[in-house]
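To start, the structure under review is shown below, and the notes come after it.
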Amino acid sequence: MSWYISAVKCLSRSFKSNNAALSGGRRGLTRIAIVGSGPAGFYTAHHLIKQCDDVRVDIFEALPVPFGLIRFGVAPDHPEVKNVINQFTTLALTDRCRFIGNINIGTDININQLRSYYNGVVLAYGAEEDKTMGIKGEDSYGVFSARSFVSWYNGLPGYENLNLNLSSGDTAVIIGQGNVALDIARILLTPLDTLKETDICSHAVDALSFSKIKKVIMVGRRGPLQVAFTIKELREMTKLPQCKTMIKHKDMLPYKDIISELPRPRKRLTELMLKTSSDGRDISNDDNVLELLFCRSPMEIIARNEITKGIKLEINELIEDANGGNTTAVGSGEYETIDCSMVLRSIGYKSRNIDPEIPFDEKLGIINNSKGRVVNNGTTINGLYCSGWVKRGPTGVILTTMNDAFETAGSIIEDNKNGMLPSSNTARDILNDIKGFEPVLFEDWLKIDEEEKRRGELWAWSNT
Ligand SMILES: Cc1cc2nc3c(=O)[nH]c(=O)nc-3n(C[C@H](O)[C@H](O)[C@H](O)COP(=O)(O)OP(=O)(O)OC[C@H]3O[C@@H](n4cnc5c(N)ncnc54)[C@H](O)[C@@H]3O)c2cc1C
């Protein structure tokens with residue numbers, strides 16, 4: 001705890017800064033509510049508090065625990081990514097920022113009620129649904145969304161009993177070739193003893209100890225130049241003990257001569273893919289295997305008695321548009337079937353509308369906005385903002401989300417300076433008025449966290 005206290009003091013000093021940012025704005029405290037405690041919510045709060053002495057922020061969270069996908073998305077073997085939690089913890093322990101967990105905005109309190117207590121409300125509630133493939137057999141047992149699988153191994157409440165069929169076959173197919181797909185492949189193929197050293201949930205380790213999965217096939221609609229994962233994640237995969245990454249040499253050959261012309265990040269990634277590629281002869285029966293399969297679209301889940309037995313794929317051809325800028329996959333009319341017991345779709349997350357008052361673009365899956373200011377039919381709604389994945393769509397890493405949150409915070413500061421924030425009933429504390437709920441404050445959460453850690457240590461000790 002002493003670490004927290006000294007860090008809080010240090011950060012409090014850094015918050016004593018820029019009152020000038022609000023000069024010309026309202027007198028007295030400006031109260032902002034943020035909906036969602038992921039990186040978008042916390043970074044928006046951080047920027048507001050750092051820039052303006054007279055801002056107080058309440059962060060509302062539907063779960064009893066903070067930090068969104070940092071806790072329930074980021075893979076348990078990537079602890080360095082989760083370090084940002086320390087910074088957010090420091091912020092939540094200051095008296096200018098209050099975490100209010102276990103309150104679902106849109107269900108427990110509606111947006112207009114919330115707005116009546118605050119000068120500004122920021123919607124930063126992420127993307128909690130997932131896209132579906134829309135193919136026959138998708139409801140069969142053995143088909144799971146990446147979101148539920150990730151939530152399961154990260155211990156999101158409600159997912160601990162996910163009934164995965166890890167022991168009914170040796171092959172899993174993942175539809176999608178992004179970093180989330182690689183996270184899942186890595187968790188499925190990492191030796192159990194290595195996994196036990198990570199932050200993974202004990203129920204996941206127990207279930208994975210019965211896993212028979214030795215081969216994971218990651219399927220992409222387009223070719224090697226269009227994969228969405230990044231070099232760091234692929235390199236990590238190629239170094240996984242007792243596991244071979246299989247990229248067919250013949251799939252990479254057509255790109256050999258154009259690699260030098262690619263933009264730098266794509267060039268380095270494609271070089272690594274070429275270097276990793278082989279004819280597969282070095283793979284032994286003892287190895288676990290990750291195979292990358294290109295130019296295939298899912299057509300049908302092959303199921304018997306509603307249990308997944310395989311997946312039918314259409315082979316695609318790649319068509320470049322006239323100026324070579326965009327590459328499209330077009331079905332060739334040829335098909336193939338892969339036998340597998342599990343299919344994981346990792347084709348993206350999706351935001352939803354949590355309140356009819358929010359102007360939500362169902363097609364794009366984002367809140368209509370301009371620089372984070374919520375816009376309805378071309379008119380800005382004063383005092384209503386959005387930030388993070390629900391603002392720009394469910395792509396981008398924590399750093400992208402941070403920059404995005406800073407933009408929204410900048411808009412709030414500017415509007416406050418120009419007297420554009422509504423004067424609401426800010427003298428009242430919403431917590432005194434809402435009845436029948438059990439909010440979890442940050443101090444309560446710290447106790448939960450402590451107990452969780454104690455149990456984790458006990459489990460690790462009894463499993464060594
Ligand atoms: C599986 C996965 C792994 C990832 N790994 C990495 C990585 O290794 N490195 C990296 O940089 N980035 C990673 N990312 C990306 C990163 O997690 C996102 O950029 C970031 O979390 C988006 O932040 P957000 O705050 O918009 O959404 P979220 O993190 O989803 O936060 C939204 C919060 O809002 C809450 N909420 C939802 N509805 C309500 C409501 N009605 N009322 C109140 N609260 C609500 C949610 O419970 C959640 O806590 C990963 C993403 C995924 C999906």
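The values are calculated or read from the model by the stated rules, or taken from the named source; none is laboratory data. Here the structure is a predicted model, which is why all the values come from computation and not from measurement. Neighbour counts are summed over all protein chains in view; Cβ atoms, including those assigned to glycine, are modelled from backbone coordinates with ideal geometry. Quick note on the areas: whole protein, heavy atoms, side chains included, nothing else; ligands and nucleic acids left out. Shrake-Rupley method; radii C 1.70, N 1.55, O 1.52, S 1.80 Å.
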Go through 414-427, 56-69 and give me the packing order, highest mean Cβ count within 10 Å leading. 56-69, 414-427
With a 1.4 Å probe and every protein chain kept in, tell me what percent of the accessible surface of the chain is carbon plus sulfur. 49
Using only the Cα atoms, work out Rg/Rh for the range 129-345, with Rh taken as the Kirkwood radius, to two decimals. 0.96
From the phi angles alone, apply the Karplus equation (6.51, -1.76, 1.60; θ = phi - 60°) to the range 125-131 and give each ³J(HN,Hα) in whole Hz, x where the residue is Gly or Pro. 9, x, 9, 9, 10, 10, 6
Quickly rank 43-54, 161-172 as a protection proxy: mean count of other C-beta atoms within 10 Å, highest first. 43-54, 161-172
Using a 1.4 angstrom probe with every protein chain in place, what is the largest-first accessible-area order of K131, K267? K131, K267
Everything considered on the Cα gyration tensor (a ≥ b ≥ c; rounded for a/c under 1.5, else prolate if a/b is larger than b/c, else oblate), the range 235-290 must be described as oblate
Roughly speaking, what is the stretch gain from I231 to K363, that is 0.36 nm per residue apart minus the C-alpha to C-alpha distance, in nm to one decimal? 44.4 nm
Any idea of L364's accessible area? Nearest 10 Å², probe 1.4 Å. 120
Solvent exposure ordering (accessible area, 1.4 Å, most first) of K391, K136, K275, K309: K275, K136, K309, K391
Quick check: from the Cα gyration tensor, does the range 130-243 come out rounded (a/c under 1.5), prolate or oblate? oblate
Accessible area of R222, 1.4 Å probe, to the nearest 10 Å²? 70
CD proxy, 222 nm, the chain: helix-only mean residue ellipticity via -39,500 (n - 2.57) per DSSP H run with n ≥ 4, per residue, nearest 500, stands at -9500 deg cm²/dmol
Assigned charges on the beta-carbon of Lys, Arg, Asp, Glu; the chain dipole about Cα centre (debye): 1080
Calculate, in whole percent, how much of the Cα-Cα pair population of the chain lies beyond 37 Å. 34
At a 10 angstrom cut-off on C-beta neighbours, averaged per residue, how do the peptides 433-445, 336-348, 84-96 rank from highest to lowest? 336-348, 84-96, 433-445
Average accessible area per residue (Å²) across the range 129-345 - probe 1.4 Å, nucleic acids and ligands excluded: 49
About its Cα centre, how strong a charge dipole does the range 129-345 have in debye, to the nearest 20, once Lys and Arg get +1 and Asp and Glu get -1 at the Cβ? 420
Rh by Kirkwood over Cα pairs, then Stokes-Einstein D for the range 189-285 at 1.567 mPa s and 4 °C, µm²/s: 84
